[in-house]
């Protein structure tokens, strides 16, 4: 299968979730990954996880 | 997620399989049960002498079925690299992510080969390196997919921004 557009990329991620048995709710997934320290060996991943965690904290703070 | 003990397709977040009642294996570094955690803990239990060989073979076989399903949709694991399947317009934003996923598939191929050494030749020494390769696969696959999702989100934001600009210009 070719990766011609964003729908193909989403299908790829979905199929990886089915292969690995990971919950496709990616926010929870990344949070879990960060907590487990599994992404610590990649600078890109650190930046990505930090950004997502900050976004989550921001969402919590904005709640009434 | 599938219970690799009985093959039941259950829901996420449950500690036990709703069909066979067995716990869905999870241990550090995994946070929630998944196929890799089930397989890794089963390998540990076998090496500790608390899981029979036949049950481990069944679990390995069920995981290999998941790989087979993936291959049906995407072709052989290392047949064509995902980065080479990217349309030209996607290369700039998604090449790094697909390279990471291709690396994950290379680890998966190594793991499957080692598991085959155990299941067909009875080589128990292949199990620990197989476990390491499975963990490497999981790390790299999660990392690569997270990068894909991140880029997809950025793309959506870019599209929204383009939409807002159009509104302002009116």
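Rule-based calculations on the coordinates, nothing more; no lab input. These numbers were taken from a predicted model, which means no experiment stands behind them. Positions of Cβ are backbone-derived with ideal geometry, glycine not excepted, and every protein chain shown enters the neighbour counts.
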### Query
Build a GNM of chain B with springs between Cα atoms under 10 Å: which of B:157, B:86, B:147 gets the top mean-square fluctuation?
B:157
### Message
Under 10 Å, Cα contacts only: if you run a Gaussian network model on chain B, which one of B:62, B:85, B:53 comes out with the highest mean-square fluctuation?
### Response
B:85
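Mind ordering B:20-33, B:70-83 by average Cβ neighbours within 10 Å, highest first?
Numbers: B:20-33: 16.7, B:70-83: 14.4.
Output ranking for B:20-33, B:70-83: B:20-33, B:70-83.
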### Message
Tell me whether region B:1-49 comes out rounded, prolate or oblate; compute the Cα gyration tensor, take square roots of the eigenvalues as a ≥ b ≥ c, and use a/c under 1.5 as the rounded threshold.
### Response
oblate
### Query
Mind checking the angle between helix B:91-121 and chain B's longest principal axis? C-alpha axes, 0 to 90 degrees, to the nearest 10.
10
### Task
Kindly express, to the nearest 10 degrees and within the range 0 to 90, the angle between helix B:35-48's C-alpha long axis and the longest C-alpha principal axis of chain B.
20
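Counting partner chain Cβ atoms within 10 Å of every residue's Cβ in B:153-160, what's the average?
Working: counts 3, 0, 2, 1, 0, 0, 1, 0.
Shielding by partners across B:153-160 averages 1.
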### Query
From the square roots a ≥ b ≥ c of the eigenvalues of the alpha-carbon gyration tensor of region B:38-96, which class results: rounded (a/c under 1.5), prolate (a/b over b/c), or oblate?
prolate
### Message
At q = 0.22, 0.24, 0.25 Å⁻¹, what log₁₀ I(q)/I(0) does region B:108-163 have when each alpha carbon counts as one equal point scatterer in the Debye sum?
### Response
-0.77, -0.84, -0.87
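Take every Cα pair under 8 Å in chain B that's 6+ residues apart, average their separations, divide by the length, and report that relative contact order as a whole percent. Don't skip to the answer; put the middle values down first.
Values: 170 pairs, mean separation 27.6, N = 170.
Computed value for chain B: 16 percent relative contact order.
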### Query
What is the Cα convex hull volume of region B:59-170 when expressed per residue in Å³?
110
### Summary
Here the whole-number average of other chain Cβ atoms within 10 Å per Cβ of B:60-70 is 2
### Nearest 10 degrees, 0 to 90: helix B:127-169 Cα axis against chain B principal axis
20
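Rounded to the nearest 0.05, what FRET efficiency is calculated for residue B:160 and residue B:80 with R0 set to 30 Å and r the Cβ-Cβ distance?
Numbers: r = 34 Å, r/R0 = 1.12.
That gives a FRET efficiency of 0.35.
Considering every residue in B:132-144, what mean count of other chain Cβ atoms within 10 Å of its Cβ is obtained? If you can, show how the numbers build up before the last one.
Working: counts 0, 0, 1, 1, 0, 2, 5, 7, 1, 6, 12, 10, 4.
Mean number of neighbouring Cβ atoms from other chains: 4.
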